[in-house]
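Derivation of every value follows stated rules applied to the coordinates shown; laboratory data play no part. Keep in mind that what you see is a predicted model, and the values were worked out from it rather than measured. Glycine also receives a Cβ, built like all others from the backbone with ideal geometry; neighbour counts cover every protein chain displayed.
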Amino acid sequence: MGVLTFEREMATTIPPTKMFKVFVLEADTAIPKILPQVVKNVEIIEGNGGPGTIKRTSFAEGREVKYIKTQIDATDKDNFTHCYSAIGGDPWMDALEKVSYEIKMVSSSDGGSIIKTTTKYYPKENGEINEDQIKIGAEKGLALFKAVEAYLLANPDAYN
């Protein structure tokens, strides 16, 4: 089985500077604060926060996935792009070599943002990709986005 690629666009009234700050620049502390019922913590296990940095995200008790290890590939603060790869995790990474994510945030005409994501799933040799699991993961990602968006709309002075 080859690489599977999925693309998605999401619109929000929140400007890209704030979305990028929350989802990329301050995500390690912002996401666990905004969604403690989902993300327990994020810790750097290798690196200085730039490209090559490896992080471990631990999820809250009772979640299906207990943790995921990611590696930062590139971050461009000026163009609001961020690329990273999931390189390990429990349990779904057993069939995958890695999952690469590219996030780009652009300004929309209403002063908000359009968030464009590209996700690529790389199976291990003889690995089977479960597309139903991928769809469930995509919906969880969308729910995370919507929860953060709702938090920022309810707290307009947060993360300025």
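Spatial offset of segment 58-98 relative to segment 99-151 amounts to 11 Å, using the alpha carbon center of each. Taking GluC sites (Glu not before Pro) as exposed when DSSP calls them loop and at most 14 other C-beta atoms lie within 10 angstrom, the chain has its longest site-free stretch at 65-124.
Just so you know, the Rg over Rh for segment 4-154 is 0.95, from Cα atoms, with Rh as the Kirkwood radius.
Under the criterion of Cα pairs below 8 Å and six or more residues apart, the relative contact order for segment 19-160 equals 15 percent.
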